[in-house]
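Taking it in order: structure first as structure tokens, then the write-up.
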Amino acid sequence: MLGNPVRPAVRLSLRRNVTICRIGTISRKDLKEVSVKIETGYYLAGFADGEGSFNISFRPRQDYKSPWKVSLCFNISQKDKVILALYKRYLGCGTLRGRPDGVWYFEVNNFESIREKVIPFFRRYPFLSAKKKRDFAKFCELARLIKNENHLTKEGIKKILEIRRDMNDGGKRKYSEMEILSKLQESSETIRQTPGQSGDDIVRSSGKPEVNMNERS
């Protein structure tokens, strides 16, 4: 535990040998942050421009009344572990793991980490390619919708699916829009037909992320 904030004195030498002491305050948050050199920031942004991916996923849930868990994710894979370790170091979050084929995989799927660390980082060090700029803009919009709990309504899910449609060139999805909406409708009808239960026609918040000892929000 830290005591009182650290207050370093910075001495500024002026003419006539006059010395002035300027007092500054370093917060606990500042002490924990790792400074990023501008060239390192743009290097990581450039690497993610070509190899990174911003996604939103729908996963079936059996323990909720509503059938889907909605999660945002930033991930990047590469055989060079050193490069991916830089993302974990400078973003201050995420998990890094190896696959049997020798490829290393870095991923951030904790919502608060994405909102407070990943998004601000790539806003500070923007992408160059039009495609990645577009995907990132949509990713930020999805984060805004989830923060405002729009994903807890059927209309909000429809909006999320509409945004997802054009991300990552509309790549192959595990679950189609029709499957997601169909299950959501089935769940709504089941809740309405069951007495004594609340009728919130929702997709639950990602709430507690999947537990991983390497993930730090």
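The values are calculated or read from the model by the stated rules, or taken from the named source; none is laboratory data. Owing to the predicted nature of the structure, the values given are computational and were not obtained by experimental measurement. Here the Cβ is made from the backbone with ideal geometry for all residues, glycine too, and neighbour counts use every protein chain on show.
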Only listed residue being modelled with pLDDT of 95 or more and out of contact with any helix residue (DSSP H, G or I) (no Cβ under 7 Å at 6 or more places or on another chain), chosen from T95, T153:
T95
Go through segment 164-173 residue by residue and tally those that are surrounded by fewer than 16 Cβ atoms within 10 Å (Cβ to Cβ), on the phi < 0 side of the Ramachandran plot and in contact (Cβ under 8 Å) with a residue 24 or more places away in the chain.
1
Considering residues that are modelled with pLDDT under 85 and under 22 Å from the mean Cα position of the chain (by Cα), the number found within segment 162-179 is 8
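Would you say G156 is of a type in the set (G, A, S) and over 30 Å from S35 (Cβ atoms)?
yes
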Only one of (1) surrounded by 18 or more Cβ atoms within 10 Å (Cβ to Cβ); (2) closer than 30 Å to H151 by Cβ; (3) in contact with a Lys or Arg (Cβ under 6 Å, 6 or more places away or on another chain); (4) modelled with pLDDT of 95 or more does not apply to E107, and that is (3)
Filter result (surrounded by fewer than 19 Cβ atoms within 10 Å (Cβ to Cβ) and either within 16 Å of the chain's Cα centre (by Cα) or acidic (D, E) (or both)) within segment 146-161
K147, N148, E149, E155
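To keep it simple, each residue is scored yes or no on (1) surrounded by 18 or more Cβ atoms within 10 Å (Cβ to Cβ); (2) of a type in the set (D, E, K, R); (3) in contact (Cβ under 8 Å) with a residue 12 or more places away in the chain.
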| residue | (1), (2), (3) |
| --- | --- |
| V82 | no, no, no |
| L86 | no, no, yes |
| F111 | yes, no, yes |
| L142 | yes, no, yes |
